[in-house]
Amino acid sequence: MTAEFPSPFPGLALVALLDAIPHGVAVVDRECKIVAINQTLEALTGVTLAEVRGVYVDFVLRSNIARRGRTFREALAGDPLTVEGDIVSRDRRKIPMRFTISPLQGSADEPAGLVIVLDDLSDVVNSAGLGATEDVADSIIGQSPKMREVFELIPLMAHTEASVLITGETGTGKDKVAEAIHKRSSRAAKPFIKINCGALPESLLESELFGYVKGAFTGAVKDKPGMFRLAQGGTLFLTEIGDMPLPLQVKLLSVLDDREFFPLGGEKKVQVDVRIIAATHRPLKERVAEGLFREDLYYRLNVLHLHLPPLRERETDTRFLINHFLRTFAERTGSSVKSFSDEALRLLMDYAFPGNIRELRNIVEYCVNICQTRQIEAGDLPKYLFARLAPTAAAPVAEPVPPEQAPPPPRETGRDWLSIEKELIVGTLTQTRGNRSKAAALLGWGRTTLWRKLKTHGLVGPAEAGIENEAG
Amino acid sequence: MKILLTVQDNSIAPRFDQATEIMIAEHDGPRLNAEPRTIILPHRSAEELSDLIVKEGVECVICGGIEESFHKFFTWKKITVIDGVIGDHAEALDRCLAGELQPGTVLPSAQGKG
């Protein structure tokens, strides 16, 4: 039986009194069973008084302070007490709370029950920077719903030992997410070693990963431990795993299964305790179907899968990232650039960013370096943006702007034809990802002309220039 | 098919991350294959419990309050979560097997009516 608590005001129910208090309030009897809860607590817990009258208070509050009801029983036996802890609300949020638990004196000497007041401490905790997820993001930036999902998954993935496969287009931040998972894991104090499986030829990649013993091949003058051994106790991040040659995939699978391997030329097995995080921008399932990636390795790596959305699916983040990189590069270079003009911003927001955050970052860095005023104008954006925007954009501003037709006034910007030409070359080479033949074709020049201009603008390294001079 | 319940004495534990005891029931349709087994956890850890749930191949979790991140994680792993349940664990399991348990259910047993 739950105890009756008559209202001190005739005609006014106890619950009506409690509803006037702007905190969650529960009144419980001597058995710590609910007698009344107010509307605030109903909203927090998602239950109604009718549903939970007579239920043990622990089960209703979902707090971390109850200690199987001991805290409340102690309060019944003693003085009022204040405890800080948290609850899990109806919308599955963990909310920091201050619980003030006071005995209610009945007519006899013994207390008739308790009144428990919950004071929300979210603002205090957040302003003190004590939020539970404050370090999740590390240097990963994003506020869009898709990125919030990623942020929520990172700590979960950090707390398991399973292999993680991170997929996403180039420039979406796969490396940073892998590092964040490592930093949040129990392996954080141990090495995080990254190796690009697409950057090295097969034989070199094998020796880099598994190491070799002295005399294994010509030039192996001493033992080399390899990345697996260097990452002992930590995490090995295999980026561009989709480009790993098939024979090496077999060996990697074997290591993942057995946690041991033979170094090149070695006769003694090496045992390793390494967590694997792999990443790729390639569609691995398709590569499996094409016979370019082993199916068993795919399933072995794909225990936990995290997909990073491309920037075009993170609309709310683009503006945020632009401002972030602008501040970063302006501070780093000591530039006085403060903002983008509305026009420049509109052009950037309309751009698809196939290179994702990496491309956005590079564009902002370019603009900060090129811009001579406090505001970045459309003319300060890389020219290749206009070329890409032109087929879809109807506005005249999206048309390619030939430098001859619209040179910025030199007295305002201090730029001359040479600087514009340099900018044009850099922009075109960025567009062709460094391919000079394609860049020359786009610019309407011969390859030699482009080469000469590259040298004029100091866009070739001294060694390269020297080779060309000798050859020429 | 496996159902995991976070328990405290005879009830569903009020919070997933505070649970120190779990029960795993294997069933085939509405019938249990065997008596549910109880596991005492070494300490409170939502992360370790999540790991265990994935490794055990559990398909349904019945629990009290659970944080959104864990709920999403299980949804992502295609594990059904029936959370916010208050009441006797045996009653919760029976209802789940009958396909009648919903998130946020306060069972009659919680008010001593079961």
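Within region A:175-182, identify whether any single residue is modelled with pLDDT under 85 and out of contact with any helix residue (DSSP H, G or I) (no Cβ under 6 Å at 6 or more places or on another chain), and answer yes or no.
No.
Can you tell me how many residues within region A:339-359 are among the basic types (Lys, Arg) and either loosely packed, with under 15 Cβ neighbours inside 10 Å or closer than 14 Å to residue A:317 by Cα (or both)?
Result for region A:339-359: 1.
Can you give me the number of residues within region A:258-279 that are closer than 24 Å to residue A:189 by Cα, touching a residue at least 24 places away in the same chain (Cβ under 8 Å) and surrounded by fewer than 18 Cβ atoms within 10 Å (Cβ to Cβ)?
Residues flagged as closer than 24 Å to residue A:189 by Cα, touching a residue at least 24 places away in the same chain (Cβ under 8 Å) and surrounded by fewer than 18 Cβ atoms within 10 Å (Cβ to Cβ) within region A:258-279 amount to 1.
Among the listed residues A:237, A:192, identify the single one that is over 23 Å from residue A:284 (Cα atoms) and either among the aromatic types (Phe, Trp, Tyr) or not assigned by TED's automatic domain parsing to the domain that holds residue A:270 (or both).
The conditions single out A:192.
If a residue must be farther than 19 Å from residue A:140 by Cα, among the aromatic types (Phe, Trp, Tyr) and buried (at least 16 other Cβ atoms within 10 Å of the Cβ), how many such residues does region A:293-338 contain?
Adding up the residues that qualify gives 2.
Would you say residue A:326 is assigned by TED's automatic domain parsing to the domain that holds residue A:174 and free of Cβ contacts under 8 Å to residues at least 60 places away in the same chain?
No.
Is at least one residue of region A:280-303 without any contact (Cβ under 8 Å) to a residue 40 or more places away in the chain and aliphatic (A, V, I, L, M)?
yes
Within region A:23-103, which strands (runs of 3 or more DSSP E) (wholly inside it) include 2 or more residues that are at the interface with chain B (Cβ under 8 Å from one of its Cβ atoms), in contact (Cβ under 8 Å) with a residue 24 or more places away in the chain and of a type outside the set (S, T, N, Q)?
A:81-88
Name every residue in region A:211-242 that is in contact (Cβ under 8 Å) with a residue 60 or more places away in the chain and aromatic (Phe, Trp, Tyr), in order of residue number.
A:237
The values are calculated or read from the model by the stated rules, or taken from the named source; none is laboratory data. On a predicted model such as this, the values are computed, not experimentally measured, just so you know. Here the Cβ is made from the backbone with ideal geometry for all residues, glycine too, and neighbour counts use every protein chain on show.
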